[in-house]
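Trainee: Got a structure for you, questions after.
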Amino acid sequence: MKQKHLPIWQWQRNVAASVVAVCLACGFTTGARANPSTQDPEKPLKAHNTIQGAEKQIQAMYGKFAEWEELVIRSTEAANAGRRFPHQQLSRIYPEVYRGIWYADHLIAMGEPAGEDLKQKFAMLHKAMQVFAQRLIEFQPKELAVLQNQTTQRQKTMARAAELAGKGKLAEAERQIQPLLLKQLSSVFYLNSSVSRPFQNEVNVPYQDILNRLNRERRKDYQARAAAKIQTYAEAVDMLKSESTRVASELKQAPTVTLADGKSGDAAAAIEYITMLWGNASAAVTRSVATAWAFSDGDVQATAQPFQQIMDQVEATGNAAIVNVLNSAAQSTPPIQLAALYPNVLRALSKLDRRLVGSLDPSVVTAVEQLAAKHAPLAEHVKRYSLATAEPTRWMQRYASQQVQHASGGYPLASNRLNRDETPETTVAPAIYGPQSTRSRVLTPGVLSSPASWIVGDAKSMLGMKMKDESTVRLLPTAKMTIVPQDPRHYTSVSASIPIDPYVSELHDCLLLDASHGPLDLSAADAQSSAELQEFQNVGGRIARLTLEPFVSRFATMPDQASALVPLNRLPSIDARGTPIDKLIWRVDLEPDWVAHRMFVAVGASPQ
């Protein structure tokens, strides 16, 4: 029984030597393992590789498919032109194309979205190869005789396989039939379907039934293996809990505490440290739920429910940790130091606020207010500061609101742009698959409805189109890009290329900020930190690149550093309809024409 769960077998070496040489040379470099994009539609879909060996197999299969498809294209062109074509080589490849379909089904059992893509590709290539039979009539009597001469062996093999399958020995039954079927397919290649159908029905139909049953057993085994990976979120969640407790406890005793890498920091640094740990825990839960979706055979929301409960617990832990840090700081920080500490605390909280769905928890807001109230002069200064900046802030926001309305004209929301019917300008689908539809349709679909390379090829028509998106955040403070966190269909990457220094300077004047005076309320702290990090409320620009990613692979492999891709207090947003491994998410690389902060709008050099 154990053998049926071995990694996918390496394809046999009985393919023509020239083909084998090509296949063995088709390895992918690390850089080539990205997803298909409008710059390179043919790149393979990324694996989440929960089951060891899946990624290696996926790379090999994409490589073999590309080589064999090219051979079929050249051979079809030769046949249509009345020239000779390498039919013997094609007859050896034909069974391997069938094997590609079988291996793709195995990858699907592993929860790999690339399996769905590869199954479509190999199935269509198999169909495209059937046209050669009508040009090989002179070989048909010989190949038909070969199949007829195999009748006795075929009947014995099928009887033995049926016996094994009846005893539940599916892997042994599959191994009995496969060599026979592969050998038979080399002859079937030469025959019209009406002639080959009886032989195929005798062998291929029962083989497919055995294979389907075997893949269902494999699926159960892989689900059991995936369970261990799904539980790995616990380590990051425990780290958040233990470190939060330690940090708050140490801050009760002194105004500084040891944080990451042995460095010392005050309460503001402690809040940023806890925010990072919170992000790591959130990312770990995100990876786990995405892996669970990849192996789930049930309802998407039902699968997600226990993970949302964990995420709620993580949120409660994070909020309690921040409150405890603020309360500890109120005990240990000398009142005279609060004036310097308080603006930094507000800035740290403003960054956390932008990572959440909704606003800061009321308990956190209360705790930070109590921190200021500890020192009467600071509390009075905070009150006067809010009054002094209220009117200038209101006018800046009103003017910015008017500007963004003007700037955003002609820039549809990303969700509208990506769901709008468009007509593809070109297609990357080879002619061997027949004419492709030119009807108007959504060019960035949310499901793998055709081969990924074709979908991305159609999406090239959207390059240069205008769109706007909302609420950018930085993955890291030093990153050159900001992102718009995901919705079920896309996330956006925006280059920080528009100069905003003059606007930041004006903002500082409005908020009475300088090197020795920081913001004294959360609104001002948010305005300052978001401007300095270029985390904008809106951004408008042109689509520079589109990358298609399998939804579950994107989030099952999401590193901690990319936790901002999803808000800290929710799971990835996914379309609940259909099968998770069919789902796609698009990365939109946007070249900005304008960016809108809540207090200003900055326009690029030459938006049109």
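The values are calculated or read from the model by the stated rules, or taken from the named source; none is laboratory data. All values derive from a computational prediction rather than experimental measurement. For neighbour counting, all protein chains shown are included, and Cβ atoms are generated from backbone atoms with ideal geometry for every residue, glycine included. Surface accessibility is based on the protein's heavy atoms, side chains included, excluding ligands, DNA and RNA. Shrake-Rupley method; radii C 1.70, N 1.55, O 1.52, S 1.80 Å.
Trainee: Which number comes out as Rg/Rh for segment 273-313 once both Rg and the Kirkwood Rh are worked out on C-alpha atoms?
Mentor: Rg/Rh for segment 273-313 comes to 1.06.
Trainee: Where the only charges are on Cβ atoms (+1 Lys, Arg; -1 Asp, Glu), what is the dipole of segment 125-279 about its Cα centre, to the nearest 20 debye?
Mentor: 900 debye
Trainee: Please give the per residue accessible area of segment 179-300, computed with a probe of 1.4 Å over protein heavy atoms only, in Å².
Mentor: 42 Å²
Trainee: Something else now. Between V603 and R225, what is the label-point separation in nm under the 7 Å Cα-to-beta-carbon projection?
Mentor: Going from the R225 label point to the V603 one covers 5.8 nm.
Trainee: Once R0 is set to 56 Å, what does the formula 1/(1 + (r/R0)^6) return for the Cβ-Cβ distance between N149 and T245, expressed as a FRET efficiency to the nearest 0.05? Write out the running numbers ahead of the final one.
Mentor: On the way: r = 77 Å, r/R0 = 1.38.
With a Förster radius of 56 Å, E is 0.15.
Trainee: Something else about it: In segment 405-431, which residues have a backbone nitrogen under 12 Å from the label point lying 7 Å from N80's Cα in the Cα-to-Cβ direction?
Mentor: 430-431
Trainee: Put one equal scatterer on each alpha carbon of segment 163-222, apply the Debye formula with no solvent term, and list log10 I(q)/I(0) at q = 0.20, 0.28 1/Å to two decimals.
Mentor: Scattering profile of segment 163-222, log10 relative to I(0): -0.76, -1.12.
Trainee: Would you compute the Debye intensity of segment 300-365 from its alpha-carbon atoms alone, equal scatterers and no solvent, and pass along log10 I(q)/I(0) at q = 0.14, 0.18, 0.23, 0.30 Å⁻¹ to two decimals?
Mentor: At q = 0.14, 0.18, 0.23, 0.30 Å⁻¹ the computed log10 ratios are -0.53, -0.76, -1.04, -1.31.
Trainee: Let's test this: bin the Cα-Cα distances of segment 62-160 at 5 Å from zero up to the farthest pair and state each bin's percent.
Mentor: It works out to 2, 11, 19, 17, 16, 15, 12, 6, 1, 0, in whole percents.
Trainee: Using the Cα centre of the chain as origin and beta-carbon charges of +1 (Lys, Arg) and -1 (Asp, Glu), tell me which of P488, G166, P499 is placed farthest towards the positive end of the dipole.
Mentor: G166
Trainee: Let me ask something additional. Read phi for every residue in segment 586-591 and hand back ³J(HN,Hα) as whole Hz from Karplus 6.51 cos²θ - 1.76 cosθ + 1.60, θ = phi - 60°, with x for Gly and Pro.
Mentor: 9, 8, 9, 8, 10, 8
Trainee: Of G410, P519, F199, whose Cα points farthest to the positive end of the dipole of the chain (charges on the beta-carbon: +1 Lys, Arg; -1 Asp, Glu; origin at the Cα centre)?
Mentor: F199
Trainee: Kindly report the accessible area of segment 303-358 per residue (heavy atoms of protein chains, probe 1.4 Å, no ligands, DNA or RNA), in Å².
Mentor: 38 Å²
Trainee: Nearest 5 percent is fine: what portion of the DSSP beta bridges confined to segment 367-514 is antiparallel? Write down the numbers at each step before the final one.
Mentor: Working: 8 of 9 bridges.
Bridges in segment 367-514 are about 90 percent antiparallel.
Trainee: Rounded to the nearest 0.05, what FRET efficiency do E470 and A234 have when you use their Cβ-Cβ distance and R0 = 30 Å?
Mentor: 0.35
Trainee: Over all directions, what mean area does the Cα convex hull of segment 333-392 project, stated in square nanometres?
Mentor: For segment 333-392, averaging the hull's shadow over all directions gives 4.7 nm².
Trainee: May I pose another question? Once neighbouring chains are kept in place and the probe is 1.4 Å, which whole percent of the accessible area of segment 289-331 is contributed by carbon and sulfur?
Mentor: Reported share for carbon and sulfur atoms: 46 percent.
Trainee: Hey, which lysines would be in cross-link range of K468, C-alpha to C-alpha under 18 Å, not counting anything within fewer than 8 residues on its own chain?
Mentor: Of all the lysines, none pass the test against K468 - Cα under 18 Å, at least 8 places apart if same chain.
Trainee: May I ask for the distance between the Cα centers of segment 441-503 and segment 540-596, given as a whole number of Å?
Mentor: Spelled out, the Cα-based centre of one part sits 8 Å from the other.
Trainee: Could you state the per residue volume, in Å³, of the convex hull enclosing the Cα atoms of the chain?
Mentor: 165 Å³
Trainee: Using the alpha-carbon centroid of each, what span in Å lies between segment 340-396 and segment 195-216?
Mentor: 69 Å
Trainee: Mind putting a number on the dipole of the chain about its Cα centre? Charges go on the C-beta only, +1 for Lys and Arg and -1 for Asp and Glu, and I need it in Debye to the nearest 20.
Mentor: On the way: 65 positive and 59 negative charges, 514 e Å.
Using Cβ point charges on Lys, Arg, Asp and Glu, the chain gives about 2460 debye.
Trainee: What are the lysines whose alpha-carbon lies under 21 Å from the alpha-carbon of K169, with same-chain residues fewer than 8 places away excluded?
Mentor: K2, K4, K156, K220
Trainee: Taking only Cα atoms of segment 250-330, what ratio of Rg to Rh do you get with Rh as the Kirkwood inverse-distance radius?
Mentor: Ratio value, two decimals: 1.16.
Trainee: Okay, next question. Taking the convex hull of the alpha carbon atoms in segment 48-97, what volume per residue do you get, in Å³?
Mentor: Details: hull volume 3.4 nm³, N = 50.
Dividing the Cα hull volume of segment 48-97 by its residues yields 69 Å³.
Trainee: Give, in nm to one decimal, the length gained when the segment between S415 and I336 is fully stretched (0.36 nm per residue of separation minus the Cα-Cα distance).
Mentor: Working: separation 79, 0.36 × 79 = 28.44 nm, distance 5.02 nm.
23.4 nm is the gain from fully extending S415 to I336.
Trainee: Specify whether the C-alpha gyration tensor of segment 359-411 places it in the rounded, prolate or oblate class, a ≥ b ≥ c being the square roots of the eigenvalues: rounded for a/c under 1.5, otherwise prolate if a/b is larger than b/c and oblate if not.
Mentor: Taking the square roots of the gyration eigenvalues as a ≥ b ≥ c, segment 359-411 is oblate.
Trainee: Could you give the size of the charge dipole of segment 357-451 about its Cα centre, using +1 on the Cβ of each K and R and -1 on the Cβ of each D and E, expressed in debye and rounded to the nearest 20?
Mentor: 140 debye
Trainee: Now for a different question. For the pair Q301/I137, report the inter-label distance in nm, with labels modelled 7 Å from Cα in the Cβ direction.
Mentor: Roughly 6.1 nm, to one decimal.
Trainee: For K374, give me every one of the lysines with a C-alpha distance below 17 angstrom, ignoring sequence neighbours fewer than eight places off in its own chain.
Mentor: The qualifying lysines are K252, K383.
Trainee: In addition: Quick one: P(r) of segment 374-505 from all Cα-Cα pairs, 10 Å bins, percents rounded to integers, in order of increasing distance.
Mentor: Bins of 10 Å from zero give 9, 25, 26, 19, 11, 6, 3, 1 percent of pairs.
Trainee: Another question, if that's okay. Cα atoms only: what Rg and Dmax, in Å, come out for segment 248-397?
Mentor: Taking only Cα atoms of segment 248-397, I get Rg and Dmax of 18.7, 61 Å.
Trainee: On to the next question. Using only the Cα atoms of segment 191-333, construct the convex hull and provide its projected area averaged over every direction, in square nanometres to one decimal.
Mentor: Numbers: hull surface 51.1 nm².
Convex hull of Cα atoms, orientation-averaged projection: 12.8 nm².
Trainee: Could you state how much accessible area D297 has, in square angstrom rounded to the nearest 10, with a 1.4 Å probe and all protein chains kept in place?
Mentor: Taking all protein chains as shown, D297 has close to 120 Å².
Trainee: At a 10 angstrom cut-off on C-beta neighbours, averaged per residue, how do the peptides 416-428, 137-149 rank from highest to lowest?
Mentor: Ranked from most to least packed, the peptides come out as 416-428, 137-149.
Trainee: A follow-up question, please. If you take the Cα Rg of segment 519-608 and divide it by 2.2 N^0.38 Å, with N the number of residues, what do you get?
Mentor: So segment 519-608 has a normalised radius of gyration of 1.39.
Trainee: Could you check how much of the accessible area of segment 469-522 is carbon and sulfur, as a whole percent, using a 1.4 Å probe?
Mentor: 59 percent
Trainee: Using a Debye calculation, one point per C-alpha and no hydration shell, please list log10 I(q)/I(0) for segment 422-464 at q = 0.20 Å⁻¹ in order.
Mentor: Those come out to -0.58, one per q.
Trainee: Sticking with this one: For the ranges 442-448, 199-205, what's the packing order if you count other beta-carbon atoms within 10 Å of each residue, average per peptide, and put the highest first?
Mentor: For the peptides 442-448, 199-205, the packing ranking is 442-448, 199-205.
Trainee: Counting only protein chains, not ligands or nucleic acids, how are S523, S516 ordered by accessible area (probe 1.4 Å), most first? Don't skip to the answer; put the middle values down first.
Mentor: Values: S523 55, S516 90 Å².
From most accessible down to least: S516, S523.
Trainee: Can you divide the C-alpha Rg of segment 457-524 by 2.2 N^0.38 Å and report the result to two decimal places?
Mentor: After normalising by residue count via 2.2 N^0.38 Å, the value is 1.55.
Trainee: While we're looking at this one, here's another question. Looking at A78, T157, G53, which one has the Cα that reaches farthest to the positive end of the dipole of segment 44-176 (charges on Cβ: Lys, Arg +1; Asp, Glu -1)?
Mentor: T157
Trainee: If packing is taken as the mean number of other Cβ atoms within 10 Å per residue, what is the order of 315-323, 160-168, highest first?
Mentor: Averaged packing, sorted descending, gives the order 315-323, 160-168.
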